[in-house]
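S.K.: Take this structure, written in structure tokens, and hold onto it; I'll ask about it next.
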Amino acid sequence: MKGHNEVIATRFRPLAAVVALAGAGALALTGCTAASNASSETGGLEDGFGSRSENRDAYFFTYYNPASDVFWAQILNGAEDAAELGGLELTHQTAEGDPDKMVDLVSTAIATSPSIIFMPFNEGEKWVSVACDAADAGIEVIAYNVPAPDSAADCVSAFVGQDFFEVGTLVGARLLEEVDLQAGDKVLFPAEEPEQNYAIQRGGGVQEALDEVGAEGEYLRTSGADEEALNSLTAWLTANPDVKAITPLGGTPHRNIVAAMEAAGVSVPVVGFDTSPQVIDGIKNGAIIATADQQGFIQGFQSVMQGVLWLDFGFAPANINSGGTGLIDESNVSFLEEDDLQGVRF
């Protein structure tokens, strides 16, 4: 897990001062398998936050591995901060992009009787059964990043994440502002998994905007692996040099698109989703016009914080729009250049 530890070592920890003022002690990371709150050593806050519930075990599942994916590292960093503040013993496990592994991980976690399970629903219906198994066992299930399908409504209590379709329309509108697209023009929609809900909703929002001029989005599967994504993008661009613009629907294709264009000898406008060092560099040097920041840190932090509030005070978890409706471009990208924001903003 060296890669993950390196990512989180430099991240900004703005909550440390607040915790110190509250007398909860200094925050300290415990690695990528568990996070414990310094307040738990002092019995939590005076009102019982961080201590009222006896069972403080929780599992936080990621679909992609935060050790190799900067966006999922942001999510996990936020979750760990909230767990430290709330005194949760948070065990992190990743499915490594394998839908079946996620089922196995959740099933195994259920047997340990944790109080809460936090999980995304990238594969939608495939994970409903195991999520409902957890709920039937009396375990609270909170979704983040990708919402659970309607069939899990009785099993999943809340969702924290971006409104993919809404932000897609904003990305599409920005693309139309920057590019003179015409009827029949081809726009590439690369995504890790085009059949997953996030890609369908984001692409749908972009396409709604493009419908105004009759331009057509074309989906391309890249997978979540950087090398495979780079190869897929390069091959597609080489075969389709007439493409008029590119809208990466996920962080993996977005952080590889500039390198792919260079390799294919193609240069077209890019407006996409998610942040990473490569995307920030692309915006700074003009290769990328703008990106929609999904604000992964918030997704991890707010989902886990809701779990703590439910655990100690019985506050019902709620659906939270994690934002990210403001695009990042050359006018404001400098804020994300700060090294101490790595793992929080990029």
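Where a number appears in this text, it was derived from the coordinates with a stated rule and is not lab data. Note that the structure is predicted; figures quoted are calculated from it, not measured. Every residue, glycine as well, gets a Cβ built from its backbone with ideal geometry; the counts of neighbours run over all protein chains shown.
S.K.: Among (i) 20.3, 72; (ii) 18.7, 55; (iii) 20.4, 65, which is the computed Rg and Dmax of the Cα atoms in Å?
M.R.: Correct label is (iii).
S.K.: Compare P99, P147, P253 in a GNM of the chain, Cα atoms joined below 10 Å, and give the one with the largest fluctuation.
M.R.: P99
S.K.: Given only helices, namely DSSP H runs of n ≥ 4 each adding -39500 (n - 2.57), what is the per-residue ellipticity at 222 nm of the chain, to the nearest 500 deg cm²/dmol?
M.R.: Computed ellipticity for the chain at 222 nm equals -12000 deg cm²/dmol.
S.K.: Related question: Highest GNM mean-square fluctuation, the chain, Cα pairs closer than 10 Å: which of E125, E140, E54?
M.R.: Most flexible of the set in this elastic network: E54.
S.K.: Of all DSSP beta bridges located in the chain, what percent are antiparallel, nearest 5?
M.R.: Of those bridges, close to 10 percent are antiparallel.
S.K.: Under 20 Å from the 7 Å Cα→Cβ point of D339, by amide nitrogen: which residues of region 270-303?
M.R.: Residues 276-282, 284 qualify, since their backbone N sits under 20 Å from the label point.
S.K.: Could you list, bin by bin from short to long, the percent of Cα-Cα pairs of region 164-292 in 5 Å steps?
M.R.: Reading upward from the zero bin: 2, 13, 24, 27, 23, 10, 1, 0.
S.K.: Please check: in the Gaussian network model of the chain (C-alpha springs, under 10 Å), which one of A183, A209, A73 has the largest mean-square fluctuation.
M.R.: Sorting by GNM fluctuation, first place goes to A183.
S.K.: Which Cα, out of V279, L188, L170, lies furthest along the positive dipole direction of the chain (beta carbon charges, K/R +1, D/E -1)?
M.R.: My answer, from the dipole projection, is V279.
S.K.: Then there is this: Under the definition of Cα pairs under 8 Å and six or more residues apart, what whole-number percent is the relative contact order of region 164-292?
M.R.: 26 percent
S.K.: Taking region 184-287, which GluC sites (Glu not before Pro) meet the DSSP loop condition and have no more than 15 other C-beta atoms within 10 Å?
M.R.: Answer by residue number: E195, E212.
S.K.: In whole percent, what relative contact order does the chain give with Cα contacts below 8 Å and a gap of six or more residues?
M.R.: 20 percent
S.K.: Sequence gap of 8 or more, or different chains, plus Cα separation below 30 Å: how many lysine pairs satisfy both in the chain?
M.R.: So the count of such lysine pairs works out to 6.
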